[in-house]
Amino acid sequence: MRRRSLVLLLLPALFASACTTGGVRRGPVEVIRYNLGTPIAPGSFAFDRQATRGNATMASDYGMVTGAVGDELGRLGFTRVPDGAASLYLVEVSVNRSQVGTTRVGPRFGIGLGGVSGGMGGGVGGGVSTALGGSTRALIGNEVTVKIRRRTDQSVVWEGNARTSGTAPASADDAAAEAGRVASALFRDFPGQSGFTTTVP
């Protein structure tokens, strides 16, 4: 009976562990860029808020994405100026998100209880096996499009599109990290080979 009692005592702890374990899943980023095939000289830029006013319903997420895009452009030698100020370039950012399915997250494991012997010659024959853990979460598709235009003639000198999917961020820090990951993939090897899709893990 002592062995059987030990198993019964351990079960609540195992169930508690299964319920409190979770995770965030992120897929690779598919990127395609379009450009004129010539180097793009760094210069001052401002975000064109007028062109992206449709993102007002997701202002906090949009702010994280534009911040990440601005950081990447700064790394490439561009200089951000306040919105509305004179600049060489205007940068238009579009963000679209929608649920594309569901996915199971968190660890899954099984418990098997076979032929536990009791005292006084008694016993429990056969066995019981069950799977524990995991939960179903929404799978979110995330698409970011960036256009860089010359302010003087409004011509587009570079355009990039990044698509990925994963579970929704669990916190503001997770959302900021995801925005940075997508922006980094979008501007990798800038300006990139025009018209070719690349996958960034």
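None of the figures in this text is laboratory data; all of them are computed from the coordinates on show. All values reported here derive from a predicted model rather than from experimental measurement. Neighbour counts run over all protein chains shown; Cβ positions are idealised from the backbone, glycine included.
Here are the numbers:
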read-out: Relative exposure of D189, D71, D48, judged by other C-beta atoms within 10 Å (fewest first); value: D189, D71, D48
read-out: Extension gain, V100 back to E143 (0.36 nm per residue minus Cα-Cα distance, nm); value: 14.3 nm
